[in-house]
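A quick write-up on the structure given underneath.
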Amino acid sequence: MNIETFIKDWIAVGNTYDTEKYLEFYHEKAVLDDPSVGRKFIGHSGIKDYFVSYFIGYQTQTELRKLDIKENSAYLEVEFTGDFPEGRIGGSFDFIFKNDKIEFVKADLI
C-alpha cells in the first residue's frame, strides 16, 4: 500500500462528496474519533454520519498541508475551507491502517 497515494485519493474523494466511495477507504468496523466534536463514530454508519454532517453539510474542502508516514500509520495536517463560521481552519488526522484500509483515525481541529 502506498500511503501517500491512499491519503491523496482519500482527500480527493472526500472533496467530491461521494459518500459510498469515501466509505470504501475504511474497514467496516473502523473508528473515527473526533474530540473537536466530542464524539467517536463507529463503523460505516457512524463514519457516514460524520462525513454527511461535517463535510457535505458544510461543503468542506480539504487541502493537504503536511504528511508524515510510518509503516502502518500516518499523521496528516490539512486546511479546511467551507460554509462554517471560520470559513478556513486547520485540522489533523492520525491514521492507523490495516489490510490497506483505515482501521482507526483521530481527527481534530488545529
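Where residues in the range 68-110 are among the aromatic types (Phe, Trp, Tyr) and surrounded by 15 or more Cβ atoms within 10 Å (Cβ to Cβ), which of them is farthest from Pro35 (Cα to Cα)? Step through it out loud before you land on a result.
Let us first name the residues in the range 68-110 that are among the aromatic types (Phe, Trp, Tyr), namely 75, 80, 84, 93, 95, 97, 104.
Filter once more, keeping what is surrounded by 15 or more Cβ atoms within 10 Å (Cβ to Cβ): 80, 93, 95, 97, 104.
Numbers: Phe80: 16, Phe93: 11, Phe95: 15, Phe97: 20, Phe104: 14 Å.
Per the criteria, the residue is Phe97.
What are the residues in the range 6-41 that are over 16 Å from Lys98 (Cα atoms), in contact with a strand residue (DSSP E or B) (Cβ under 6 Å, 6 or more places away or on another chain) and among the β-branched types (Val, Ile, Thr), if any?
Ile11
Among the residues of the range 8-37, which ones are at pLDDT 95 or above and small (Gly, Ala, Ser)?
Of the residues in the range 8-37, the ones at pLDDT 95 or above are 8-35.
Within the range 8-37, Ala12, Gly14, Ala30 qualify.
Restricting the search to the range 39-75, which residues are in a strand (DSSP E or B), touching a residue at least 24 places away in the same chain (Cβ under 8 Å) and either polar (S, T, N, Q) or more than 20 Å from Glu24 (Cβ to Cβ) (or both)?
Let us first name the residues in the range 39-75 that are in a strand (DSSP E or B), namely 39-42, 61-69, 73-75.
Imposing the further condition that a residue be touching a residue at least 24 places away in the same chain (Cβ under 8 Å) reduces the set to 61-65, 67, 69, 73-74.
Result: Gln61, Thr62, Glu63, Arg65, Leu67, Ile69, Ser73.
For (1) closer than 20 Å to Leu76 by Cα; (2) within 13 Å of the chain's Cα centre (by Cα), each residue gets a yes or a no:
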| site | (1), (2) |
| --- | --- |
| Asn2 | yes, no |
| Ile7 | yes, yes |
| Ile11 | yes, yes |
| Glu20 | no, no |
| Leu23 | yes, yes |
| Phe55 | yes, yes |
| Thr60 | yes, yes |
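Could you list, in sequence order, all residues of the range 10-38 that are out of contact with any Phe, Trp or Tyr (no Cβ under 8 Å at 6 or more places or on another chain), in a helix (DSSP H, G or I) and not hydrophobic (A, V, I, L, M, F, W, C)?
Answer for the range 10-38, where residues must be out of contact with any Phe, Trp or Tyr (no Cβ under 8 Å at 6 or more places or on another chain), in a helix (DSSP H, G or I) and not hydrophobic (A, V, I, L, M, F, W, C): Asn15, Thr16, Glu20, Lys21.
Inside the range 77-100, can you point out the residues that are more than 12 Å from Gly14 (Cβ to Cβ), assigned to a strand (DSSP E or B) and in contact with a helix residue (DSSP H, G or I) (Cβ under 9 Å, 6 or more places away or on another chain)?
Of everything in the range 77-100, those that are more than 12 Å from Gly14 (Cβ to Cβ), assigned to a strand (DSSP E or B) and in contact with a helix residue (DSSP H, G or I) (Cβ under 9 Å, 6 or more places away or on another chain) turn out to be Phe95, Phe97.
Could you count how many residues in the range 26-58 are loosely packed, with under 13 Cβ neighbours inside 10 Å and over 17 Å from Phe80 (Cβ atoms)?
Here the count works out to 4.
The values are calculated or read from the model by the stated rules, or taken from the named source; none is laboratory data. For clarity, every value in this text was computed on a predicted model and none was experimentally measured. Neighbour counts run over all protein chains shown; Cβ positions are idealised from the backbone, glycine included.
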